[in-house]
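Reading through the structure tokens given below for one structure.
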Amino acid sequence: MSAQTLEKISDLVRRARIAGADAADAVFVSSTAIGAGVRNGVTEELERSETTDLGLRVFTGRKSAIVSTTTLDPSRFDGLVEQALAMARVLPEDRFAGLAPHALTGTLTSNTLDLTDTAEPDANALLARAREGEEAALAVNGVTNSAGSSASWGRTDIALVTSQDFAGTYARTRHSTSVCVLAGKGETMQRDYDYHGTVHLADLDNAAVLGSSAGEKAVARVNPVRPRTGRYPVVFHPRVANSFLGHFIGAINGSSIARGTSFLKEKLGQRLFAEGVTITDDPTRHRGLRSRPFDGEAMPVAPLELVRDGVLQTWILDTRSARHLGLESNGRAARGTSGPPSPSATNLSFGPGTLSPEELMADIKEGLFITEMMGSSINGLTGDYSRGASGFMIRDGQIAESAAEFTLAGNLLEIFASLTLANDLQFRFGTDAPTLRVEALSIAGA
């Protein structure tokens, strides 16, 4: 992002203060994206998009308002400021509103997290990658059709300026490949996929490898059985195991805790998981998919241990939720251009366990290995959990025939307490878990 662009955003904040705002901040997001997709060798998608969004937030006392626009035109700044102030004056007071009291100051434009890649593939390169992935998948014996293969590249530039004399910018790039195919015919037909996304092209899995993986997964799922209704030990593949981190982070979100709408609201400092289990949020991870040098309120960022040795250590907090709870922000504010900041995790992960996935299921006489979940019925107040799922039966410690058309049910407090982690943690999704085992879940099947 150019110095001229940053100066324009700073000028908008200055104009807001001159016009009567007690405090103000502005966030600017500029994005470029290219996507290409094929299906059965035919180009289905080829598009390029460029967007810019600017959001101004003003405070008059404990009242605040946000206005946004899609242009960075200084001739429109005075009107934008006038509109924001007029809105703020008629809105009700919020005693928890305000800029972060311990935010950064000065200018921050360097990026030591290596979040941008100089490689910018053109449409032809993306089409070639998508075709390579699909061809590899269709070459797998038993694959009968393609549901599509795609490749994409994007770059997002972000700037945040506050009336506390902070001006910061950073950028991130994203490369990705996705392949989805079908195997079998008629009622036995099954679908599966593989996907990978990275900050740098050099870290992206080869498209042919992803395609072969997608094809093999689809073929393995043909002719599924429907498991008998009952209670079983259940093992979750990493690509779905990370959903438990999503449920956990939603339950420790500072806004939910402040409203009293979380089943974990009374659990701070208590044991939720087995001894040895850790959960960390790290916005400083090198080349991390969700890394950032500062949060949405110009707060400094650092790794945060959410669970240590199974015990819940803290909430995910932005400034408003922290004030509501009588605490201080831990630099987890996220925001767009048209809404206020809210608490959000960054690079979230379990720590790895000590057992291999094979060892994790070795003693299971009959159970389930879950590779895909769909739908969701999660009660945030009680932790009651129910999701549709598919995957494979586990018989005598080995993955056996494919299974589908069943529902998992339990309670998240009981699930968290019984989790056992494998040692196969990889950072692939931004929210990452190793293979997980839950000792017993109710299965509604045949």
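Key figures
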{"item": "Residues located in segment 83-103, provided they are without any contact (Cβ under 8 Å) to a residue 24 or more places away in the chain and surrounded by 14 or more Cβ atoms within 10 Å (Cβ to Cβ)", "result": "83, 87"}
{"item": "Count of segment 70-80 residues which are in a helix (DSSP H, G or I) and under 19 Å from residue 335 (Cβ atoms)", "result": "1"}
{"item": "Where a residue in segment 104-123 is within 15 Å of residue 157 (Cβ to Cβ) and among the β-branched types (Val, Ile, Thr) and its partner, wherever it lies, is open to solvent by less than 50 Å² (accessible area, probe 1.4 Å) and not in a strand (DSSP E or B), with Cβ under 8 Å and at least six apart", "result": "109/6; 116/199"}
{"item": "Residues being part of a strand (DSSP E or B) and among the hydroxyl-bearing types (Ser, Thr, Tyr) - total across segment 411-446", "result": "3"}
{"item": "When residues of segment 370-399 are limited to those that are within 16 Å of residue 360 (Cβ to Cβ) and without any contact (Cβ under 8 Å) to a residue 60 or more places away in the chain, the one least open to solvent (accessible area, probe 1.4 Å)", "result": "397"}
{"item": "Single residue of segment 401-419 satisfying the filter (buried (at least 19 other Cβ atoms within 10 Å of the Cβ) and farther than 26 Å from residue 265 by Cβ) that is nearest to the chain's Cα centre (by Cα)", "result": "406"}
{"item": "Number of positions in segment 250-268 that are in contact with a Gly (Cβ under 9 Å, 6 or more places away or on another chain) and open to solvent by 30 Å² or more (accessible area, probe 1.4 Å)", "result": "2"}
{"item": "Subset of segment 226-249 (residues that are in contact with a Ser or Thr (Cβ under 7 Å, 6 or more places away or on another chain), of a type outside the set (D, E, K, R) and open to solvent by 20 Å² or more (accessible area, probe 1.4 Å))", "result": "237, 238, 242, 246"}
{"item": "Leading residue by the ranking (surrounded by the most Cβ atoms within 10 Å (Cβ to Cβ)) among those in segment 17-40 that are under 16 Å from residue 73 (Cβ atoms) and in contact with a helix residue (DSSP H, G or I) (Cβ under 6 Å, 6 or more places away or on another chain)", "result": "26"}
{"item": "In segment 109-144, residue nearest to residue 191 (Cα to Cα) [restricted to those that are open to solvent by 40 Å² or more (accessible area, probe 1.4 Å) and not in a loop (DSSP other than H, G, I, E, B)]", "result": "144"}
{"item": "Segment 174-216: number of residues that are surrounded by fewer than 18 Cβ atoms within 10 Å (Cβ to Cβ), among the aliphatic types (A, V, I, L, M) and within 23 Å of the chain's Cα centre (by Cα)", "result": "2"}
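The values are calculated or read from the model by the stated rules, or taken from the named source; none is laboratory data. On a predicted model such as this, the values are computed, not experimentally measured, just so you know. Positions of Cβ are generated from backbone atoms using ideal geometry, with glycine treated the same way; all protein chains shown enter the neighbour counts. Areas reflect the complete protein model, heavy atoms only, side chains present, ligands, DNA and RNA absent. Shrake-Rupley method; radii C 1.70, N 1.55, O 1.52, S 1.80 Å.
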